[in-house]
1. Decide, for the stretch 359-449, between rounded, prolate and oblate: order the square roots of the alpha carbon gyration tensor eigenvalues as a ≥ b ≥ c, take rounded if a/c falls under 1.5, and otherwise choose prolate if a/b is larger than b/c, else oblate.
2. Convert each backbone phi in the stretch 136-149 into a coupling constant with the Karplus relation 6.51 cos²θ - 1.76 cosθ + 1.60 (shift: θ = phi - 60°), then list the ³J(HN,Hα) values in order as whole Hz, x for Gly and Pro.
3. Just name one of 266, 281, 309: the one whose Cα is farthest towards the positive end of the charge dipole of the stretch 261-329 (beta-carbon charges, Lys/Arg +1, Asp/Glu -1).
4. On C-alpha positions alone, give me the angle between the axis of helix 10-24 and the longest principal axis of the chain, in degrees, nearest 10.
5. Considering only protein heavy atoms, what per residue accessible area in square angstrom results for the chain with a 1.4 angstrom probe?
6. Quick one: Debye curve from the alpha-carbon atoms of the stretch 94-179 only, equal weights, vacuum; give me log10 I(q)/I(0) at q = 0.12, 0.20, 0.22 Å⁻¹ to two decimals.
7. Below 10 angstrom from the Cβ of residue 304, what's the summed charge of the other residues (Lys, Arg +1; Asp, Glu -1)?
8. Take the Cα radius of gyration of the stretch 305-464 and divide it by 2.2 N^0.38 Å, with N its residue count; two decimals is plenty.
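The values are calculated or read from the model by the stated rules, or taken from the named source; none is laboratory data. Predicted model, so just to flag it, every value in this text is computed and none were measured. Cβ placement follows ideal geometry from the backbone for every residue including glycine, while neighbour counts extend to all protein chains displayed. In case anyone asks, the SASA skips ligands and DNA or RNA and just uses the protein heavy atoms, side chains included. Shrake-Rupley method; radii C 1.70, N 1.55, O 1.52, S 1.80 Å.
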Amino acid sequence: MSEAASTRTPVALLPSLTPLLRQWLPRQRWFAGKGRPVTGFSLVSAAELLPVGSASPGLLHLLLRVQQPGPAGGKSAGGKRDGAPPGDCYQLLLGVRTALPPHLAGALIGRVSEGPLAGRTVYEGLHDPRLAALLLERLRTPGRFGPLRFDRTEPVPGRLPARILDAEQSNSSLVYGDSYILKIFRRVYPGTNPDLELPLALARAGCDRVPAPVAWYESSTPETATLGVLQPYLRGSQDGWQLALKALAAGRDFTPEARALGRATAEVHTALAAALPTMTLSRAQTEHLATAMNERLDAAVRAVPALLPYVRGLRAAFDAIAEAGLDGGGHAQRIHGDLHLGQTLRTPDGGWSVIDFEGEPARPLAERRRMQPPVRDIAGILRSFDYAARSHRPWNPAWAARCRAAYCEGYAEAAGTDPRAEPELLRAYETDKAVYEVVYEARHRPDWLPVPMSAIERLAGPGR
């Protein structure tokens, strides 16, 4: 298949792949439309990163829009309003061979029976070290390649062995020689992804708490969208969630680590506020925050009736935002947006790094890029300490309370302001997060439902 066949004859390419992708896509962990039938596909763009020949593997890059029945309310599965292109857009990197070697058997998608790829085998290209290495080579050479654009901030060495990480849920990552990690965004939205935008801004501000992007690639047609980001790989680091669980299992105090993490979070927030615009929340904006939280609570109660006895207390936490007189004083800025212990890394030198600035992948990109109160990130970490303590047997609430206090103290030391000085806002964001957790656990891990429900009971109480 020539380059012309991949970019000029998508009408012939897509039907030949459709039977295979219809079966393969819903089984992928990063596919967001599970539970709804796939009704069709449309090809957004196609590029032949490595020509498909008879003697060597080829690599196809596709942006594919997947059509599925959407939720009620005039939106598609991708959150688009009526009149916009329906369905979620996904990034695929497909390897093509005449025959698949045994070490790639687990990456098989299927054998194509017709069209430009007839008689060839298609597979998940990221599992092929040769094709993964080619992607790094493209990143090393800035410029356009068909509908794709590659860019970098510094030279990147070549000939680094590649391996794929299997632990992720919503994206895919390749590690190159224990030196770099390439995050590949599977579900693609128009615009610049915060996981590129914010680390670049932090690097310009001189903040070393976040690995700085060294290269990235984007789609250029039909509109710009971030597709992948290459950053230094923090070899030997451990994520904060695993460290917290180990401390609990060993009966060890975790407050020094929590305090240091609070300082690191404050440094990131301070640098973001210096590098990007900020705003002061008006009365109307704080009321809008409360309204949105109440709407999410209403939806959660419909999904999980166990919340019903606590609605009055939970709603009081949200309504208290507007009643606290925050207009003219509430601060909003760009933040992480989905911060928890699993988004933090303790480096071998004992420092903390913050990663994964993508925000909640299920939310529209425009929403994830909005300015928000920094206490939303803080609430996420506080809830994470509670989760860790509840996952331990026996439950250790005192451990969580000490960590929460130490984290806020560390934040105050670095930021000059204690998040506990805005108790109404902090309580509201903790409550909103706990409501979200209840719905998630009820749908995906019912055995874990007591963890957020215990927080719901605490947060709904008069003394919280």
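1. oblate
2. Whole-Hz 3J(HN,Hα) from phi for the stretch 136-149: 5, 4, 4, 5, 6, 10, x, x, 9, 9, x, x, 10, 10.
3. Selected residue: 309.
4. Between the helix axis and the principal axis of the chain, the angle is about 50 degrees.
5. Accessible area per residue: 43 Å².
6. At q = 0.12, 0.20, 0.22 Å⁻¹ the computed log10 ratios are -0.45, -1.05, -1.14.
7. Combined, the nearby Lys, Arg, Asp and Glu give +1.
8. My calculation over the Cα atoms of the stretch 305-464 gives 1.05.
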